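Comments concern the structure below.
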Amino acid sequence: MSFMPEKNADYSSLTYWNERYGSEESFEWCKSYSAFKDLIRKEVRPTDRILMLGCGNSSLSEDMYRDGFHNITNVDYSTVVVENMKNRSQEARSMQWLVMDIKDMKKFESGSFDIVIEKATLDALLVGERDPWRLSDDSRTLMDDILIQVSNVLSNCGRFISITFAQPHFRKRLYAREQYSWSIRTETFGDGFHFFFYVMTKGEPLSAHDAQLLQNQWNLSNNLESQSTVTRFHDDNSNDDDDNYLNSIEM
Ligand SMILES: C[S@@+](CC[C@H](N)C(=O)[O-])C[C@H]1O[C@@H](n2cnc3c(N)ncnc32)[C@H](O)[C@@H]1O
């Protein structure tokens, strides 16, 4: 059964996800835990309080639970998937599952998590963008609204882990902001096609290189209107029926 939406923008629609989760039991975006568990073990301690953003029906949280990470809170804005997931396994029953829009995480107190993880969730929100060099104002504002809250819920020295198809020259421009009060480190994993594993550490300054990136970004958005290059591009009218089209989202 194909869960391809009629248009890419549907990947950022709650209706699309609720319908999809009405019949889909399990799907893993990017890669499953086994592909990046060594990176997780390096960054996360078993006692850490972990927040999973846009958990979907991925087995990531259950796999992490089996691997010794037991304090996991999962959020997704799809009521359907949260209802399905919370009783899916013994491990799932031992975690917290909340229906929550990650644009509004005020329910969580400042510093209430040591680790925040997102896998392909921000990619889904950026799916309507056409040019990775020039994000629309709406998307910039949306990402900023979310990332400022991610930073807020992180404890000092806590980490935001972002697992994505998006390459550093596009994604770091979103994450490099002084107001998030974090440093950025990039790891890769996967055979052949590489996926990216960004680690933002709260309380550490941006490196000189990333601070420069921030400066360049302002220059770019102000001055370089014409120098747009799209390295990979998805056409709404194409017949590509593979969900991995998200590969094409580089933001
Ligand atoms: C591409 S899927 C990724 C699912 C899962 N993280 C994985 O790795 O397989 C995006 C998920 O984010 C959820 N989502 C999208 N926008 C959201 C929002 N604003 N708040 C909470 N969840 C959201 C969707 O319901 C969907 O489950």
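Only the coordinates and a few stated rules stand behind these numbers; no lab work does. Computed from a predicted structure; not experimentally measured. Here the Cβ positions follow ideal geometry from the backbone for every residue, glycine too, while neighbour counts run over all protein chains shown.
When both bridge partners sit in the chain, DSSP labels roughly 45% of those beta bridges antiparallel. In a DSSP loop and with at most 15 other Cβ atoms within 10 Å, the GluC sites (Glu not before Pro) in the range 78-178 are GLU109. I want the local charge near TRP17. Using Cβ-Cβ distances under 11 Å, sum +1 for each Lys or Arg and -1 for each Asp or Glu among the other residues. Net charge around TRP17: -3.
Sorted fewest first by neighbouring Cβ atoms within 10 angstrom, ARG159, ARG49 come out as ARG49, ARG159. Put a dot 7 Å past the Cα of SER89, heading toward its Cβ, do the same for THR188, and the two dots end up 3.0 nm apart. Here the Karplus relation 6.51 cos²θ - 1.76 cosθ + 1.60, evaluated at θ = phi - 60°, turns the backbone of the range 144-149 into coupling constants of 5, 4, 6, 5, 5, 6 Hz, with x for every Gly and Pro. Between CYS157 and GLU25, the simple label model (points 7 Å from Cα in the Cβ direction) yields a spacing of 4.3 nm.
How big is the shadow of the Cα convex hull of the chain, averaged over all directions, in nm²? That works out to 13.3 nm², a quarter of the Cα hull's surface.
R0 = 30 Å: FRET efficiency of GLU178 with ARG49, Cβ-based, nearest 0.05? Calculated value: 0.75. Partner lysines whose Cα lies under 25 Å from the Cα of LYS37, excluding those fewer than 8 positions away in the same chain, are identified as LYS86, LYS119, LYS172, LYS202. Coupling constants for the range 16-21 follow from the phi torsions by the Karplus curve (6.51 cos²θ - 1.76 cosθ + 1.60, θ = phi - 60°), and in residue order they are 4, 5, 4, 5, 4, 6 Hz; glycine and proline get x.
Stretching ASP38 away from SER110 to a fully extended chain increases their span by 23.1 nm, per 0.36 nm per residue minus the current alpha-carbon distance.
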